[in-house]
Amino acid sequence: MNITQKLAPSRWWRLMPIIFITYSLAYLDRANYGFAAAAGINDDLGITKGTSSLIGALFFLGYFFFQVPGSIYAVRKSVRKLIFVCLILWGMCAALTGMVSNIPSLMAIRFVLGIVEAAVMPSMLIYISTWFTKAERSKANTFLILGNPVTVLWMSIVSAHLIDLYGWREMFVIEGLPAVLWAVIWWILVRDKPSEVKWLTDAEKAEFQAVMNKEQQNIKPMRNYGEAFRSGNVIKLCAVHALWSIGVYGFMMWMPSIIKASGNVDIVSVGWLAAIPYFVAIAMMLIVSFYSDKLQNRKLFVWPLLLIATIAFFTAYLLGAEHFWICFILLSIAAGCMYAPYGPFFALIPELLPSNVSGVSIGLINSFGALGAFIGAWLVGVINAATGSAGASYIFMGAALVLSVVLMANVKAPKK
């Protein structure tokens, strides 16, 4: 039995629940705006449909600008300290959203929320790359990113009921406060590196570090961040994640509104229906991460799935809104195929780049994902408002995914 097998139970059970809950809370506080938009925030504050799209997307603009600085701090200083502060700040921002009385204050809070959440995803991926080996990383990344669909799944139901019982203001306050409370638990339980914990022996720490060092031997060294950022693979991965995120976040932000408009159902029914695509996503993420680690072929579990999502979007467009239930099934397939590749995709980065630059490169790649999310969340809302249906936005999201497929297929695979 090798060292990773011996340590796996303790690392998985001690670390992954904390990682999952932290990212889940972050995703809750960024994604619930879509329900407020479907439930009356626009009418209450006098927000036009075009402005609503911009407000929903402003989060990702703040998210874009602070990914790399956050990653640099996480690599050079401490993931633990960074996430502790971010938890408190984003929980407060989310709760304050429920107290806004005008459009400028809402815009400011959404932008600041993006800034304080910017470091979460890259810091967590850096943390995972420190604690899990190449053979485990896709699975570990997937358990992190499962915080996305799992959160949207239960959030869709809980947010809808909170709005139905109290209103959108109370929903923001109630869903923002848990992050502040969780910050205390995070600080108590988390340590940055295996060398800092007491539940591993000195021999286990040394042997584990030897395994991690061995993984770096076949990776071409790079002097600095600039060399990494100029490499062909990093440039392609930035573009892939930006285009891919147009589809993911265009879908995620406006799915409640699309269902409400196309299906002509009440807000509680919207919540239950919006949860279904995320059941599909969760199942596919678990299956894909298992086989990605088993076969050690990351690309095989990224671009083919994005291609299937593309086909689903285009087919939904051709069928039109009058075939709501068939389109809903296609959108559920698209959701699963857009979410499933995340684990393999982020596992690929530290396999392509040496450890001295891989962490901050993750931040750069994720920042371009945020830029794509901004474009997707904004333009899908604008397109839906301008056309009065979701058909044109299916074409837009599908076209972005086609380009991501082509680029991903041309990323050079790591040496075995």
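Where a number appears in this text, it was derived from the coordinates with a stated rule and is not lab data. Just so you know, these numbers come straight off a predicted model, no measurement behind them. Cβ atoms come from the backbone with ideal geometry, glycine included; neighbour counts cover every protein chain shown.
Summarising the amide proton neighbourhood of Leu353: residues at separation of 5 or more, or on other chains, whose placed amide H is nearer than 5 Å comprise an empty set. For the stretch 321-416, report the translational diffusion coefficient in µm²/s to the nearest whole number, using Stokes-Einstein at 4 °C, 1.567 mPa s, and a Kirkwood Rh over Cα pairs. Calculated translational D: 83 µm²/s. The HN-Hα couplings worked out from phi for the stretch 101-112 by the Karplus form 6.51 cos²θ - 1.76 cosθ + 1.60 (θ = phi - 60°) are 10, 8, 5, x, 5, 5, 4, 4, 5, 4, 5, 5 Hz, whole numbers, x standing for Gly and Pro. Relative to the dominant Cα principal axis of the chain, helix 202-215 is inclined by about 70°. Angle of helix 120-131 to the longest C-alpha principal axis of the chain, folded into 0 to 90 degrees and rounded to 10: 30°. Spin-label model, Trp187/Lys77: points 7 Å from Cα along the beta carbon direction are separated by 1.5 nm.
Helix 67-76 and the longest principal axis of the Cα set of the chain meet at an angle near 30°. Remark on Gly98: its backbone amide H falls under 5 Å from those of Val173, a criterion applied only to residues 5 or more positions apart or on other chains, H modelled at 1.01 Å from N.
Calculated FRET efficiency, Ala108 and Val406, Cβ-Cβ r, R0 25 Å, to nearest 0.05?
On the way: r = 38 Å, r/R0 = 1.53.
Efficiency, rounded to the nearest 0.05: 0.05.
Counting every alpha-carbon pair across the stretch 106-193, the share separated by more than 22 Å comes to 43%.
Computed from backbone phi, the HN-Hα couplings of the stretch 300-317 come to 4, 10, 10, 5, x, 6, 5, 5, 5, 4, 4, 4, 5, 4, 5, 5, 4, 5 Hz, rounded to whole numbers (Karplus: 6.51 cos²θ - 1.76 cosθ + 1.60, θ = phi - 60°; Gly and Pro given as x). Phi angles across the stretch 384-399 convert, under the Karplus curve 6.51 cos²θ - 1.76 cosθ + 1.60 with θ = phi - 60°, into 3J(HN,Hα) values of 4, 5, 6, 9, x, 8, 8, x, 5, 5, 4, 5, 4, 5, x, 5 Hz, Gly and Pro given as x. Projected label points at Asp202 and His161, each 7 Å from Cα along the beta carbon direction, are separated by 5.3 nanometres.
Separation of the stretch 329-350 and the stretch 61-85, taken as the distance between their Cα centroids, equals 24 angstrom.
Over the Cα atoms of the chain, what is the Rg over Rh ratio if Rh follows Kirkwood?
Details: Rg = 20.6 Å, Rh = 21.4 Å.
Rg/Rh for the chain comes to 0.96.
For Asn218 and Thr315, FRET efficiency with R0 = 35 Å and r from the beta-carbon atoms, rounded to 0.05? Walk me through the intermediate numbers first.
Details: r = 42 Å, r/R0 = 1.19.
So the FRET efficiency works out to roughly 0.25.
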